[in-house]
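Enquirer: First, the structure itself, so that you have it in front of you.
Each reported figure results from applying straightforward, stated rules to the coordinates on display, with no laboratory input. Quantities reported herein were computed from a predicted structural model and do not represent experimental measurements. So basically every Cβ, Gly included, is an ideal-geometry build from the backbone, and we count neighbours across all protein chains shown.
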């Protein structure tokens, strides 16, 4: 099974409104197939799951800023 197959499977499970939002983002910003797959997964998440994703992103950003050299 390829990433394209997985992406199609995920998209088929999304409600129409989420597919529309997903497609608008892809059209506007593009991105790799991996990124499109990630966006499709996020589009399928519920509110709690999206909050957890935001927490993860904030933690990653915090760690990256701690690791970056200061000028």
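Enquirer: Just want the ordering: 57, 26, from fewest to most Cβ atoms lying within 10 Å of their own Cβ.
Expert: On the way: 57 10, 26 14.
Fewest-to-most ranking of 57, 26: 57, 26.
Enquirer: Okay, moving on. Would you kindly state how much longer the chain becomes between residue 3 and residue 56 on full extension, computed as 0.36 nm times their sequence separation minus their alpha carbon distance, in nm to one decimal?
Expert: Numbers: separation 53, 0.36 × 53 = 19.08 nm, distance 2.34 nm.
In short, 16.7 nm is gained.
Enquirer: Bin by bin, in steps of 10 Å, what percent of the Cα pairs in the chain do you find, going until the bin that has the longest distance?
Expert: With a bin width of 10 Å, the distribution comes to 18, 40, 29, 11, 2.
Enquirer: On a 0 to 90° scale, report how tilted helix 47-67 is relative to the longest principal axis of the chain, with both axes built from alpha carbons and the result rounded to the nearest 10.
Expert: With both axes taken from Cα atoms, the answer is about 30 degrees.
Enquirer: For the chain, what is the calculated [θ] at 222 nm in deg cm²/dmol (nearest 500), taking -39500 (n - 2.57) for each run of four or more DSSP H residues and dividing by its residue count? Please list the in-between numbers first.
Expert: On the way: 4 runs with 57 residues, N = 71.
Helix-only estimate at 222 nm: -26000 deg cm²/dmol.
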